[in-house]
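One structure is given here, and the rest of the page talks about it.
The values are calculated or read from the model by the stated rules, or taken from the named source; none is laboratory data. Bear in mind the structure is a predicted one, so any value in this text is a computation, not a measurement. Glycine also receives a Cβ, built like all others from the backbone with ideal geometry; neighbour counts cover every protein chain displayed.
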Amino acid sequence: MPKARVAITGIGVVSPAALGAEDFWDAIATGKKCVRRITLFDACNFPSRIAGELPDFSARQFVPKTYRKSVKVMARDIEIAAAAAELGVRDAGLLTRSSQGETTTYDPKRLGCNIGAGLISTDLDELGSAVNTAVTDGKFDFKLWGESGMNNLTPLWLLKYLPNMLACHITIIHGAQGPSNTITCGSASGVLSVFEASRLVADGGADAVIAGGAESKLNPMGLIRQQLLGRLCTSRNDSPADAARPFDAEHDGTVVGEGGGILIIEDLEKAQSREARIYAELVGFGAACDPGGMDVTHPTAGSLDLAVERAVAEAGITPDQLGLIVAQGSGVAAEDLAEQAAWKSALGEAAATVPAVAITGAIGSIFAGAGGLALATAALALQNQTVPPTVNYARPDGEESLNLNAEARKHQIPYAVVGGFSIAGQSGACVLKRYEP
Amino acid sequence: MSRRRVVITGMGTVNPLGHDVASTWAGVLGSKSGISVNELFDASTFPSTFAAQVKDFELADHIDNPSEHRHAGRHCGFALGAAREAWEQSGLDRCDWLDRRRLGIYLGSGEGSLDFDNFTSLMIDAWENGRVNTGRWAELALKRMDLHREVEQESNMVVAHLARQYGVRGPAFNVLTACAASTQAMGESTWQIRRGDADVMISGGAHSMIHPYGVTGFNRLTAISVRNDQVETASRPFDMTRDGFVLGEGASVLILEEFEHAKSRGAPIFAEILGYGASADAFRITDQDPQGDGAAAAMRGALADAGVAAHQIHYISAHGTGTRQNDEVETKAVKAVFGEYAYKIPISSTKSMLGHLIAAAGATELITCILALRDQILPPTTNYNTPDPNCDLDYVPNEPRKASLEVVMSNSFGFGGQNNSLIITKPPQ
């Protein structure tokens with residue numbers, strides 16, 4: 001059976017830069033610096049106290065009134081995902097259960113969902129207030145916990161923290177009854193979710209899929225884990241806006257962020273027949289693994305080169321046809337070097353000539369939310385034929401540097417490639433093609 | 001071009017009934033119970049004092065390089081053991097031309113076990129005026145927390161450990177759709193091979209939620225059995241007296257391979273995967289769709305993908321958790337899909353013996369389906385004594401039964417409404 005062509009028809013963004021696709025593009029294209037001191041909790045004793053934090057965010061305004069009481073069983077990651085999905089669905093002009101009309105654009109069974117998620121951190125105050133009712137002589141008392149302590153937790157406590165709840169809430173809000181998946185592969189999650197969603201649509205398994213990812217590391221557990229890994233930037237707490245420096249010679253660690261990028265991945269012909277706006281066509285995917293990823297203290301790029309090679313080959317193009325590379329750029333020196341070497345290995349000379357961007361300089365590293373935001377950036381860049389700036393990039397590190405610039409550049413972009421990888425060795429890549437009706 | 005066929009060439013498992021496939025199958029056919037009083041922590045005052053635990057597992061008994069994986073979490077150790085059995089059985093360890101870039105991995109693995117003592121003592125020691133003082137907490141956490149214990153909680157770490165062990169360079173995914181995860185992983189692996197993204201996939205799942213907050217979470221949801229006075233028989237799928245599932249742990253790994261690839265290296269072939277279906281209830285996070293529409297859609301999807309008719313299914317390995325709701329909804333969904341024929345299909349839940357391995361459940365249950373096909377025998381639903389009028393199908397009560405089996409289905413439904421079904425058949429001739 002011939003494969004269906006697949007397009008991005010909706011972009012839902014919740015990011016430290018802005019909410020919504022249009023404002024997100026304005027902020028990214030103008031190099032807005034969004035990293036600041038953490039205000040969500042008192043981070044004074046953390047070695048890294050800065051982040052890409054969302055300004056005043058709640059999912060309440062993004063979920064239907066009838067569903068608002070469910071927001072209280074959503075961890076922040078879930079709230080972000082629910083909001084990003086709603087923005088994506090609206091942006092695509094899709095009618096779903098959420099629009100509460102008489103009809104929906106697609107048969108609910110033909111609307112899928114595939115959301116990348118991270119390890120959701122427990123709210124320490126919530127669990128702590130229960131735990132501290134079961135303490136004897138300064139120590140946790142299992143017997144007391146079983147008898148009474150645990151009853152201080154709300155019955156639905158566990159459901160706040162299951163990673164599949166990002167997708168589950170979205171399927172409920174939008175009445176999406178097609179295949180639903182949750183990918184948990186760190187920073188590769190978003191690209192891999194869109195990979196799978198696109199394959200599903202191409203094979204005729206769904207008409208459209210709500211796909212991407214979301215995560216927040218802005219909590220003590222999320223932050224401390226990155227700190228223990230030694231990945232965080234601790235030298236620029238006093239100049240947060242300049243701290244995240246992907247690929248720059250002075251990169252000095254990751255700055256965490258929070259957000260989500262959720263896209264509508266749709267059958268191109270069906271999108272055309274409903275006269276939807278088409279941001280870009282998805283024409284090539286690749287996924288790969290680096291067996292060295294298990295040792296997370298030795299950075300690799302997760303065999304990103306292999307994933308990119310595959311994506312480019314599937315797109316049926318040569319690397320010099322690319323007009324944009326959207327790189328991950330964690331800002332950890334060794335990871336950036338491994339990543340730029342991977343791009344070089346996959347694309348050869350084109351890795352140094354094709355304009356590239358990493359949005360982490362502006363908003364920080366958003367892990368499971370990163371891939372969706374990178375794909376959103378690529379799709380918007382294709383629409384605007386503009387390469388956004390890489391915030392805080394001044395000088396290259398090493399011989400294999402990408403073609404990055406701290407200023408926005410007008411450029412002909414027929415194709416763009418996006419790559420993402422987790423520190424544990426999984427990677428994914430996607431080639432997008434400019435849509436010309 | 002005809003579509004690429006996907007076969008199973010290796011399987012391995014570590015679960016409450018055994019540390020390999022043979023002992024697990026002997027346990028199932030002997031109607032044994034893997035359930036006992038919780039020995040992993042003091043749960044004596046918890047609403048549920050028992051679980052289906054993996055006992056006496058030593059990684060060194062399973063792999064030659066346990067020290068390389070010394071940081072692996074509990075469930076990851078189980079997965080390394082299961083993977084070794086599967087890999088050796090498949091003969092891939094002796095295949096010198098395997099292209100590692102065409103070898104992928106797609107697991108449904110849960111999060112690693114929490115560093116409970118450190119995590120909990122920090123919340124106590126940094127507690128001030130009704131909340132955690134995060135300044136104090138950070139100061140203590142930086143001293144006490146262990147990098148590896150924290151990192152190994154990421155659910156993609158089992159993928160990373162197995163990828164290291166077998167040199168995987170192809171597509172690598174982890175799905176965590178709660179109780180459906182490893183079924184979804186195997187279904188998606190099948191599609192990866194069919195689409196040509198890989199030739200061989202290491203698939204399956206691993207999970208252990210038998211830790212204090214895992215049991216707490218399920219107890220607060222009132223999802224697990226509290227039959228503390230009859231722990232061995234507490235898991236009672238489809239029985240009138242069922243009162244929830246029994247939390248289990250373990251790992252199962254299967255080698256999925258493109259048929260021609262398997263043939264060309266003379267691999268053992270245990271079954272062929274014919275079809276996979278996935279759906280979402282899109283109903284409520286706390287409840288299944290009471291009509292079973294989502295579950296039915298997954299089964300119908302698998303039938304359509306397999307290109308087989310409903311009446312060709314000879315056995316269904318049920319999700320069959322033993323909760324009031326699941327078993328009734330699943331029964332309803334089977335009737336919706338199979339009509340009158342539903343009453344003629346044997347359906348059983350090996351969770352009655354294994355407990356509920358959560359993310360690892362589906363892969364473990366698929367292994368029992370493969371063995372059922374091989375031996376032409378149906379695994380039983382044990383502890384089935386009192387029929388429930390709302391669950392009125394043939395659940396293969398208490399004893400295994402001889403049967404003539406060609407095509408079988410395995411169901412998994414995740415908390416939150418993600419549903420998956422797989423259909424397999426005997427090896428191609």
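Kindly indicate whether any position in region A:209-227 is farther than 30 Å from B:Gly135 by Cβ, touching a Pro at 6+ places or on another chain (Cβ under 9 Å), more than 10 Å from chain B (Cβ to nearest Cβ) and at pLDDT 95 or above.
Yes: region A:209-227 contains one or more residues that are farther than 30 Å from B:Gly135 by Cβ, touching a Pro at 6+ places or on another chain (Cβ under 9 Å), more than 10 Å from chain B (Cβ to nearest Cβ) and at pLDDT 95 or above.
Check off (1) surrounded by fewer than 24 Cβ atoms within 10 Å (Cβ to Cβ); (2) within 8 Å of another protein chain (Cβ to nearest Cβ); (3) assigned to a loop (DSSP other than H, G, I, E, B) for A:Gly205 and give me the number that stays unchecked.
(2)
Take the residues in region A:275-302 that are of a type outside the set (A, V, I, L, M, F, W, C) and out of contact with any strand residue (DSSP E or B) (no Cβ under 9 Å at 6 or more places or on another chain); name whichever of them is nearest to A:Ala313 (Cα to Cα).
Applying the filter and picking the extreme gives A:Pro291.
Can you go through A:Ala7, A:Ala85 and tell me which one is of a type in the set (A, V, I, L, M), surrounded by 19 or more Cβ atoms within 10 Å (Cβ to Cβ) and within 13 Å of chain B (Cβ to nearest Cβ)?
A:Ala85
Identify, please: which residue in region A:112-141 is assigned to a strand (DSSP E or B) and more than 9 Å from chain B (Cβ to nearest Cβ) and is, among those, farthest from the chain's Cα centre (by Cα)?
Here the residue is A:Thr136.
Out of everything in region B:139-187 that is more than 7 Å from chain A (Cβ to nearest Cβ) and charged (D, E, K, R), what residue ends up being surrounded by the fewest Cβ atoms within 10 Å (Cβ to Cβ)?
Among residues in region B:139-187 that are more than 7 Å from chain A (Cβ to nearest Cβ) and charged (D, E, K, R), the one surrounded by the fewest Cβ atoms within 10 Å (Cβ to Cβ) is B:Lys143.
What residue, among those in region A:172-192 that are of a type outside the set (A, V, I, L, M) and in contact with a Pro (Cβ under 9 Å, 6 or more places away or on another chain), is surrounded by the fewest Cβ atoms within 10 Å (Cβ to Cβ)?
A:Gly175
Which of (1) facing chain A (nearest Cβ under 9 Å); (2) more than 14 Å from A:Ile183 (Cβ to Cβ); (3) crowded, with 24+ Cβ neighbours inside 10 Å is the odd one out, the single condition B:Thr190 does not satisfy?
Against the list (1) facing chain A (nearest Cβ under 9 Å); (2) more than 14 Å from A:Ile183 (Cβ to Cβ); (3) crowded, with 24+ Cβ neighbours inside 10 Å, B:Thr190 comes up short only on (1).
For B:His207, state whether it is in contact with a His (Cβ under 9 Å, 6 or more places away or on another chain), modelled with pLDDT of 95 or more and either at the interface with chain A (Cβ under 8 Å from one of its Cβ atoms) or farther than 21 Å from B:Val253 by Cα (or both).
So B:His207 does not fit the description; no.
Can you name every one of the helices (runs of 4 or more DSSP H) wholly within region A:253-348 that holds 1 or more residues which are within 12 Å of chain B (Cβ to nearest Cβ), among the acidic types (Asp, Glu) and more than 19 Å from the chain's Cα centre (by Cα)?
Fully inside region A:253-348 and qualifying: A:304-315.
Can you pull out every residue in region B:100-154 that is part of a helix (DSSP H, G or I), touching a Lys or Arg at 6+ places or on another chain (Cβ under 8 Å) and free of Cβ contacts under 8 Å to residues at least 60 places away in the same chain?
B:Asn118, B:Ser121, B:Leu122, B:Ile124, B:Asp125, B:Glu150
Being surrounded by fewer than 24 Cβ atoms within 10 Å (Cβ to Cβ) and either assigned by TED's automatic domain parsing to the domain that holds A:Gly88 or in contact with a strand residue (DSSP E or B) (Cβ under 8 Å, 6 or more places away or on another chain) (or both): is that true of A:Glu266 here?
On the way: surrounded by fewer than 24 Cβ atoms within 10 Å (Cβ to Cβ): no; either assigned by TED's automatic domain parsing to the domain that holds A:Gly88 or in contact with a strand residue (DSSP E or B) (Cβ under 8 Å, 6 or more places away or on another chain) (or both): yes.
Considered against the rule, which asks whether it is surrounded by fewer than 24 Cβ atoms within 10 Å (Cβ to Cβ) and either assigned by TED's automatic domain parsing to the domain that holds A:Gly88 or in contact with a strand residue (DSSP E or B) (Cβ under 8 Å, 6 or more places away or on another chain) (or both), A:Glu266 comes out as no.
Which condition from (1) assigned to a helix (DSSP H, G or I); (2) at the interface with chain B (Cβ under 7 Å from one of its Cβ atoms); (3) within 30 Å of A:Thr104 (Cβ to Cβ); (4) not acidic (Asp, Glu) is the one that A:Leu158 breaks?
Here A:Leu158 meets the rest and fails (3).
Return the residues of region B:241-299 that are assigned to a helix (DSSP H, G or I), among the small types (Gly, Ala, Ser) and touching a strand residue (DSSP E or B) at 6+ places or on another chain (Cβ under 7 Å); say none if nothing qualifies. Spell out the reasoning first.
Taking region B:241-299 and keeping what is assigned to a helix (DSSP H, G or I), we get B:259-264, B:293-299.
Filter once more, keeping what is among the small types (Gly, Ala, Ser): B:262, B:264, B:294-298.
Across region B:241-299, the qualifying residues are B:Ala262, B:Gly294, B:Ala295, B:Ala297, B:Ala298.
Sort out which residues of region A:380-415 are of a type in the set (A, V, I, L, M) and either over 21 Å from A:Arg236 (Cβ atoms) or free of Cβ contacts under 8 Å to residues at least 12 places away in the same chain (or both), and write them in order of number.
A:Leu380, A:Ala381, A:Leu382, A:Val387, A:Leu402, A:Ala408, A:Ile413
Within region B:374-395, restricting attention to residues that are aliphatic (A, V, I, L, M) and surrounded by fewer than 23 Cβ atoms within 10 Å (Cβ to Cβ), which residue is nearest to B:Ser349 (Cα to Cα)?
B:Leu393
Taking region A:8-32 on its own, how many of its residues are within 18 Å of the chain's Cα centre (by Cα) and either over 22 Å from A:Leu432 (Cα atoms) or assigned to a strand (DSSP E or B) (or both)?
Number of matching residues: 11.
Among the residues of region B:203-239, which ones are aromatic (Phe, Trp, Tyr) and on the phi < 0 side of the Ramachandran plot?
Result: B:Tyr213, B:Phe218.
On the basis of being surrounded by fewer than 23 Cβ atoms within 10 Å (Cβ to Cβ), within 16 Å of A:Gly205 (Cβ to Cβ) and not basic (Lys, Arg), does B:Gly277 make the cut?
No.
Among (1) buried (at least 21 other Cβ atoms within 10 Å of the Cβ); (2) touching a residue at least 60 places away in the same chain (Cβ under 8 Å), there is one condition B:Ala333 misses while meeting the rest; what is its number?
Among (1) buried (at least 21 other Cβ atoms within 10 Å of the Cβ); (2) touching a residue at least 60 places away in the same chain (Cβ under 8 Å), the lone unmet condition for B:Ala333 is (2).
When residues of region A:162-202 are filtered for being facing another protein chain (nearest Cβ under 8 Å) and farther than 21 Å from A:Ala288 by Cα, how many remain?
16
Tally the residues that are farther than 30 Å from A:Asn151 by Cβ and in a helix (DSSP H, G or I), restricting the search to region B:35-74. Explain how you work it out, then say what you get.
The initial filter retains those residues of region B:35-74 that are farther than 30 Å from A:Asn151 by Cβ, namely B:55-72.
Narrowing the set further to residues that are in a helix (DSSP H, G or I) leaves B:59-61, B:66-69.
Looking only at that region, the number is 7.
Restricting the search to region A:1-43, which residues are within 23 Å of A:Arg236 (Cβ to Cβ) and in contact with a strand residue (DSSP E or B) (Cβ under 7 Å, 6 or more places away or on another chain)?
A:Ser15, A:Pro16, A:Cys34, A:Val35, A:Arg36, A:Arg37, A:Ile38
Okay, residues lined up against (1) out of contact with any helix residue (DSSP H, G or I) (no Cβ under 8 Å at 6 or more places or on another chain); (2) small (Gly, Ala, Ser):
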| position | (1), (2) |
| --- | --- |
| B:Ser225 | yes, yes |
| B:Asn228 | yes, no |
| B:Ala234 | yes, yes |
| B:Phe238 | no, no |
| B:Asp243 | no, no |
| B:Leu247 | no, no |
| B:Ala251 | no, yes |
| B:Glu258 | no, no |
| B:Ala262 | yes, yes |
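Has region A:26-45 got at least one residue that is in contact with a Phe, Trp or Tyr (Cβ under 7 Å, 6 or more places away or on another chain) and under 29 Å from A:Ile278 (Cβ atoms)?
no
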